[in-house]
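Here the structure comes first, spelled out in structure tokens, and everything after it is commentary.
Just so it is clear, none of the values below were taken in a lab; they were calculated from the coordinates. It should be emphasised that the depicted structure is a prediction, and the values quoted were computed from it without experimental measurement. Virtual Cβ from ideal backbone geometry, glycine too; neighbours counted across all protein chains shown.
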Amino acid sequence: MTADAGSDTATTAASDSSATGSAGSATAILRIESGKRVRGSVVLVVVFALLAALYFTMFPGLSEEMEALEEAFPAFFFDLFGIEALHTIEGFIAAEIYSFFWVILVGIYFAYIGAGLIATDIDDRKMDLTLSSPVSRESVVLQKIAALWVPLVVLNVAVPAIVYVGALVIGESFDPVALAMVHLLSIPYLLVCAGIGLVLSVALGRPRTARATAITLVFVLWLVDAVSGLDTDLEWVGTAAPSRYYDETAILVREEYAFADAGVLLAAFLVLLAVAIAIFVRRDI
């Protein structure tokens, strides 16, 4: 029994090594990693569809009460969660779905993926097999992070389609440009979340530790941004939080597109990627 298990492990490792080394190793890692991201992306879309169905069902009955609700709750509550124009479909969906599901949960999901990209292979010794093939460490990191194109494309195509159709079903509508922009401008934010996880992945080397730290850090940064925004004297504290540079409510409700903030996030992602590569190239596996 032990011999069979050892044989199976060796066969799997050899298969992974062979797959990684095939096709000149130029894009083998990218193809393998991309395939791994399909299932998780589909599951997230299904979860979002169920969540969206719930909120779209609720909105017609609650819309008339929302203005009274806005007056009843203290202003800091709405400032904390970026809630605005809750009685409109744009404000309602921005508050109930995008502020929670997209900014927090999807951001954490990308941080979780990023934290496992390198650490998982180091922990199960697959990285030794990968690096034994003619592929540089820089290429390994770049191909693994590039595989995030799968969840980025799947989520940013399926989710706006669900939102747009859901609004039409209940007799409402979204500005298609604003809806497209809320997703387009979220890509740099999600990449930064993944970049945070990637740096922890190469620095810590243990997937559980890296993932737990990445999830905690992304959530804490969001919380610091939200709380510091309540006090103008402390607002500067949240400038290090990636969520500070992505405002889903401003995009959907006011149609304000902060391209400069998206540029800041892209620059931050490139810095995180460079740091991750530098650490991985120098560390002992």
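So for 175, 121, 233, fewest C-beta neighbours within 10 Å to most, what's the order?
233, 175, 121
Report the trypsin sites (Lys or Arg not before Pro) located in the stretch 77-154 that are in a DSSP loop and have at most 12 other Cβ atoms inside 10 Å of their Cβ, or state none.
125
Using alpha carbon centroids, what distance separates the stretch 124-182 and the stretch 248-285, in Å?
Going from one Cα centre to the other spans 15 Å.
Could you check the spin-label model distance between residue 131 and residue 271? Points 7 Å from the Cα along Cα→Cβ, value in nm.
With each label point 7 Å from Cα toward Cβ, the separation is 2.7 nm.
Calculate one ³J(HN,Hα) per residue across the stretch 46-61 by plugging θ = phi - 60° into the Karplus curve 6.51 cos²θ - 1.76 cosθ + 1.60, and present them in order as whole Hz with x for glycine and proline.
4, 4, 5, 4, 5, 5, 5, 4, 4, 6, 5, 5, 6, 4, x, x
Expressed in nm to one decimal, what extension gain is obtained for the pair residue 175 and residue 57 from 0.36 nm per residue of sequence separation less their Cα-Cα distance?
That works out to 40.5 nm of additional length.
Going by how many other Cβ atoms sit within 10 Å of their own, how do 244, 208 line up, fewest first?
Least to most surrounded, the residues fall as 208, 244.
What number comes out for the charge environment of residue 176, summing +1 per Lys or Arg and -1 per Asp or Glu over other residues with Cβ under 15 Å away?
Counting the neighbours of residue 176, the net charge comes to -4.
Explain nothing, just the number: relative contact order of the stretch 24-282, from Cα pairs under 8 Å at least 6 residues apart, as a whole percent.
28
Karplus couplings for the stretch 179-194 from phi (6.51 cos²θ - 1.76 cosθ + 1.60, θ = phi - 60°), rounded to Hz, Gly and Pro as x?
5, 5, 5, 5, 8, 4, 6, 7, 4, x, 4, 5, 5, 5, 4, 5
Write down the Å³ per residue value for the convex hull defined by the alpha carbon atoms of the stretch 24-282.
With only Cα atoms used, the stretch 24-282 gives 125 Å³ per residue.
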